[in-house]
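The values are calculated or read from the model by the stated rules, or taken from the named source; none is laboratory data. Everything quoted here is computed from the prediction, not taken from an experiment. All Cβ positions, glycine included, derive from the backbone under ideal geometry; neighbour counts span all protein chains shown. Keep in mind that these areas ignore ligands, DNA and RNA; they rest on the heavy atoms of the full protein, side chains included. Shrake-Rupley method; radii C 1.70, N 1.55, O 1.52, S 1.80 Å.
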Amino acid sequence: MKNVVLILIVLFAAGCSNSDPVRGDAAGNFTGTYKYAIASPLGFVSKYTWVVTQRSVNVLDFDMTKEVVQGNGARTVTRENAAEVEVIDEKRLRFSYTTTSGRVIGVSMLAGSRKLSVNSYALQGEDATNVPWYVFEKQ
């Protein structure tokens with residue numbers, strides 16, 4: 001009897017997981033064009049546009065644009081890319097990429113209905129930053 005209970009406990013523990021494993025192609029949970037904008041108390045607005053496309057089964061490409069609009073109307077646009085990001089969880093995604101200026105950025109993402117909740121953080125440097133969770137709306 002002890003062996004049966006032990007086997008059931010092991011099977012139950014193995015069946016429980018902190019993630020939703022991918023069943024088939026889950027890239028569609030993340031693909032689309034997403035936008036987010038935030039105004040700064042310093043008088044500028046940052047506008048983010050992320051275009052997430054499917055490269056292959058459970059593999060995504062990210063095209064990320066940030067436009068900063070100053071109070072005087074001046075605009076600065078930066079663009080970053082993350083290629084071949086593997087989807088290993090149906091609702092959560094974690095990846096990192098190197099910016100054009102050489103900074104390594106980590107990204108955590110949760111997929112929701114027509115939304116992506118995104119947290120990003122610099123992984124090195126004296127000016128390492130952590131951006132709080134932003135909710136990008138699907139367009």
Counting sequence-distant residues (5 or more places) and residues on other chains, those with an amide H built under 5 Å from that of Ala26 are Asn58
Label-point separation (nm) for Leu42 and Ile88, each offset 7 Å from Cα along Cα-to-Cβ? 3.6
A correct Karplus calculation of ³J(HN,Hα) over the range 26-33, with 6.51 cos²θ - 1.76 cosθ + 1.60, θ = phi - 60°, whole Hz and x for Gly and Pro, returns 9, 4, x, 5, 10, 5, x, 10
For an R0 of 41 angstrom, estimate the FRET efficiency from the Cβ-Cβ distance between Arg23 and Arg75 and round to the nearest 0.05. 0.45
Ignoring ligands, DNA and RNA, what percent of the accessible area of the range 52-139 is carbon or sulfur (1.4 Å)? 47
For Ala37, residues with placed amide H under 5 Å, excluding near neighbours: Tyr48
Spin-label model distance (nm) - Arg103 vs Val59, 7 Å beyond Cα toward Cβ: 2.9
Glu90 long-range amide H proximity, modeled H, under 5 Å: Asp20, Val22
Given Ala122, Thr78, Val52, which one lies farthest toward the positive end of the charge dipole of the range 51-139, if we put +1 on the Cβ of every Lys and Arg and -1 on the Cβ of every Asp and Glu? Val52
Qualifying lysines (Cα of each under 29 Å from Cα of Lys115; at least 8 residues distant if same chain): Lys35, Lys47, Lys66, Lys91, Lys138
